[in-house]
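Comments concern the structure below.
The values are calculated or read from the model by the stated rules, or taken from the named source; none is laboratory data. Just so we're clear, the structure is a prediction, and the values are computed from it rather than from any experiment. Cβ coordinates were reconstructed from backbone atoms using ideal geometry, including for glycine residues, and neighbour counts include every protein chain displayed.
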Amino acid sequence: MILKGRKINWIATAVIFLLLFTGCSNSSGDKATVKDPASANPKATLFAYVGAGLKDPVTELAQTYEQRTGIKVEMTFNNSGALLSQLGTSKKGDVYMPGGMPFVQQAKQAGHVTDIVGPIAYHVPVIITPKGNPAKITKVQDLAKPGTKVVLPDKGATAIGQMAFKTFDKLGITKDVEKNVLAYVETAPKVITAITMGQGDVSIGEYSAVVNNKDKLEMIEIDPAVNEIEQIPCALVTYSTQKEETQKFIDFVAKEGPGVFAKYGFKTRL
């Protein structure tokens, strides 16, 4: 009988031990599955469509915003027309920031954007030539002279190209200029590259680009009476799934943008 009692006591002890072990194991498992409140609400990542000629200032703005808020802004850079097409096809993203207001207006008419702020800065067309101005260009009308080698930004895809052709139309020299065009390039920065490499006598470019390449280029300002200047806007994409965070970034760009753009040679006042 004594042995049997001992056997029963041993079994009872083992059962109690097993129950205690199982309880501790479950408790530990519950703690392991508890989510950190911070990880449950990760910082948003915004996506912006940005004009190629605006890359430097907008990149700095995005980096500063991430440092201050923890919210990253991913970007794609291209000419304004290509970005508009991409936005219309994908129907995704948060911010649209092309080189000129007409592209934002097209986007708004198509239902791609809503809130628009700006001008953040201005796109100011200027005449650009290689260093030394070997073709002796002095005014816009010189682009129409026979034999002048002209490189221009694409008028259908870039804000600066659209502005240039509006000026040519005002002066009635569009057809003569077109006869002299060696190439149309798809972004404003590529205009600078072409002229720097001596692929043409002259082009129309953005004021800031020449300011930042003084050692390679010459600039002739266009008569204000005929020059076409565009506002640089920033707009909220209709398809954004995080409109509140996007609006905060756009407000930041509206406030801090002019100062940053000025650092990169853009005009922020006219």
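Can you confirm whether Asp154 is closer than 27 Å to Gln105 by Cβ, in the same structural domain as Tyr207 (by TED's automatic domain parsing) and either buried (at least 20 other Cβ atoms within 10 Å of the Cβ) or in contact (Cβ under 8 Å) with a residue 40 or more places away in the chain (or both)?
Numbers: closer than 27 Å to Gln105 by Cβ: yes; in the same structural domain as Tyr207 (by TED's automatic domain parsing): yes; either buried (at least 20 other Cβ atoms within 10 Å of the Cβ) or in contact (Cβ under 8 Å) with a residue 40 or more places away in the chain (or both): yes.
Yes, satisfied.
Quick one: what pairs do we get from the stretch 116-141, first residue at positive phi, second assigned to a strand (DSSP E or B) and polar (S, T, N, Q), C-beta under 7 Å, 6+ apart or different chains?
Gly118/Gln231
Say we look at the stretch 48-61 and pick out the residues that are farther than 19 Å from Val237 by Cβ and surrounded by 24 or more Cβ atoms within 10 Å (Cβ to Cβ); which of these is modelled with the lowest pLDDT?
Gly53
May I ask you to verify whether Thr22 is at pLDDT 95 or above, assigned to a helix (DSSP H, G or I) and either farther than 18 Å from Gln242 by Cβ or in contact with a Gly (Cβ under 6 Å, 6 or more places away or on another chain) (or both)? Give the derivation first.
On the way: at pLDDT 95 or above: no; assigned to a helix (DSSP H, G or I): yes; either farther than 18 Å from Gln242 by Cβ or in contact with a Gly (Cβ under 6 Å, 6 or more places away or on another chain) (or both): yes.
Judged against the criteria, Thr22 is not a match.
With the condition being at pLDDT 95 or above and either of a type in the set (Val, Ile, Thr) or crowded, with 18+ Cβ neighbours inside 10 Å (or both), I'd like the helices (runs of 4 or more DSSP H) fully within the stretch 165-260 carrying at least 2 qualifying residues.
Per the criteria, 174-180.
Residues in the stretch 241-270 that are more than 19 Å from Gly51 (Cβ to Cβ), under 17 Å from the mean Cα position of the chain (by Cα) and of a type in the set (S, T, N, Q): how many?
The total comes to 1.
Given (1) within 19 Å of Val253 (Cα to Cα); (2) touching a residue at least 60 places away in the same chain (Cβ under 8 Å), identify the lone condition not met by Phe103.
(2)
List pairs: first residue in the stretch 73-87 and in the same structural domain as Val104 (by TED's automatic domain parsing), second residue assigned to a strand (DSSP E or B) and surrounded by fewer than 17 Cβ atoms within 10 Å (Cβ to Cβ) anywhere in the structure, Cβ distance under 8 angstrom, at least six positions apart or on different chains.
Val73/Thr45; Glu74/Thr45; Leu83/Thr76; Gln86/Thr76
Go through (1) buried (at least 16 other Cβ atoms within 10 Å of the Cβ); (2) among the charged types (D, E, K, R); (3) within 23 Å of the chain's Cα centre (by Cα) one by one and return the number of the condition Asp115 breaks.
If we test Asp115 against (1) buried (at least 16 other Cβ atoms within 10 Å of the Cβ); (2) among the charged types (D, E, K, R); (3) within 23 Å of the chain's Cα centre (by Cα), just (1) comes out false.
Can you name the condition, by its number, that Thr64 falls short on among (1) at pLDDT 95 or above; (2) part of a helix (DSSP H, G or I); (3) among the hydroxyl-bearing types (Ser, Thr, Tyr); (4) under 25 Å from Gly161 (Cβ atoms)?
For Thr64, the exception is condition (4).
Of these, Thr138, Thr148, which one is modelled with pLDDT of 95 or more, more than 23 Å from Ala225 (Cα to Cα), assigned by TED's automatic domain parsing to the domain that holds Ile195 and assigned to a loop (DSSP other than H, G, I, E, B)? If you could, list the steps in order and put the result at the bottom.
Details: Thr138 fails: more than 23 Å from Ala225 (Cα to Cα).
Unique residue meeting the criteria: Thr148.
Taking Pro146, is it surrounded by fewer than 16 Cβ atoms within 10 Å (Cβ to Cβ) and over 19 Å from Gly53 (Cα atoms)? Spell out the reasoning first.
Working: surrounded by fewer than 16 Cβ atoms within 10 Å (Cβ to Cβ): yes; over 19 Å from Gly53 (Cα atoms): yes.
Spelling it out, Pro146 is indeed surrounded by fewer than 16 Cβ atoms within 10 Å (Cβ to Cβ) and over 19 Å from Gly53 (Cα atoms).
Which of (1) touching a Pro at 6+ places or on another chain (Cβ under 7 Å); (2) of a type outside the set (Gly, Ala, Ser); (3) buried (at least 23 other Cβ atoms within 10 Å of the Cβ) is the odd one out, the single condition Val140 does not satisfy?
(1)
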